[in-house]
Amino acid sequence: MKQLVFLIVGCVYNIVLPAQSGFVIYPGTQFVKSGSPVLVLQNMNFVNNGTYSAGSGTVKLTGSNATYINGNNTTNFYNLHAGSSASLTLGQNINVQNELQMAGMLQVQDYEVKMQPNAMIVGESETARLHANAGNTGRATTTLDINSPAINLNPA
């Protein structure tokens, strides 16, 4: 099996890939982020058809064009920055381990944004939020331990 491994150790790096196409992880390929690097995809789609290991890094989807998160495999992001001034649309389920930063619309369509128990949504507003068009069944979910006395849960 062919493997593509990016190993970034000890420092925070910004990798900026400006292009109109996409960042594609092909079947049988592994993309591994080690440490806390920042991967910036400007006007690019994120397509995961292989294996993506987030480490404790951030993926920033930025720019002025509509972009997509697609692929055959659910993608686990540590930090995801949805920052396109146009919409970012899901074409697969995603998991967020730490932080989902909203700086633009995230169209969930018929997919799921699964927030891990300690994950947060940051910067949500009327113009930067999760959204599903009429007729779509997209959702955001999380799991909480309601027996924990530290959680103040108000379902109203």
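Could you work out the local net charge near residue 81, counting Lys and Arg as +1, Asp and Glu as -1, over the other residues with Cβ closer than 15 Å to its Cβ? Could you put the intermediate results ahead of the total?
On the way: positive: 33, 60, 129; negative: 99, 124.
So the surrounding residues net to +1.
Using a 7 Å offset from the Cα along the Cα-to-Cβ direction at both residue 122 and residue 86, what is the distance between the two label points in nm, to one decimal?
2.7
So, counting K/R as plus one and D/E as minus one, what does the shell of residues with Cβ under 14 Å around residue 59 add up to?
Once all neighbours under 14 Å are counted, the net charge is +1.
Can you list residues whose amide H is under 5 Å from residue 73's amide H, if they're 5+ apart or on another chain and H is modeled 1.01 Å from N?
Under 5 Å from the amide H of residue 73: 48.
Ranking 141, 62, 51 by Cβ neighbours within 10 Å, fewest first, what do you get? Walk me through the intermediate numbers first.
On the way: 141 9, 62 21, 51 16.
Exposure proxy ranking, most exposed first: 141, 51, 62.
For residue 98 and residue 139, calculate 0.36 nm times their separation in residues minus their Cα-Cα distance, and state this gained length in nm to one decimal. Show your work: numbers first, answer last.
Details: separation 41, 0.36 × 41 = 14.76 nm, distance 1.78 nm.
Here the segment from residue 98 to residue 139 would lengthen by 13.0 nm.
Only counting other Cβ atoms within 10 Å, I'd like 85, 64 sorted with the fewest neighbours first.
Details: 85 14, 64 11.
Lowest to highest Cβ neighbour count: 64, 85.
Rounded, prolate or oblate: which one fits region 36-156, using the alpha carbon gyration tensor with axes a ≥ b ≥ c (rounded when a/c is under 1.5, else prolate when a/b beats b/c, else oblate)? It would help to have the intermediate numbers written out before the result.
Details: a/c = 1.60, a/b = 1.34, b/c = 1.19.
The shape class here is prolate.
If you take the charge dipole of region 24-156 about its Cα centre, with +1 on Lys and Arg Cβ and -1 on Asp and Glu Cβ, which of 63, 89, 103 is farthest toward its positive end?
So the residue furthest toward the plus end is 63.
For residue 115, which sequence-distant residues (separation of 5 or more, or a different chain) have an amide H within less than 5 Å of its own amide H, given hydrogens modelled in the peptide plane?
When sequence neighbours closer than 5 places are left aside, the close amide H contacts are 96, 141, 142.
Bear in mind these aren't lab numbers, they're just calculated from the coordinates by the rules spelled out. Small disclaimer: the values here were computed from a predicted structure and weren't measured. Positions of Cβ are backbone-derived with ideal geometry, glycine not excepted, and every protein chain shown enters the neighbour counts.
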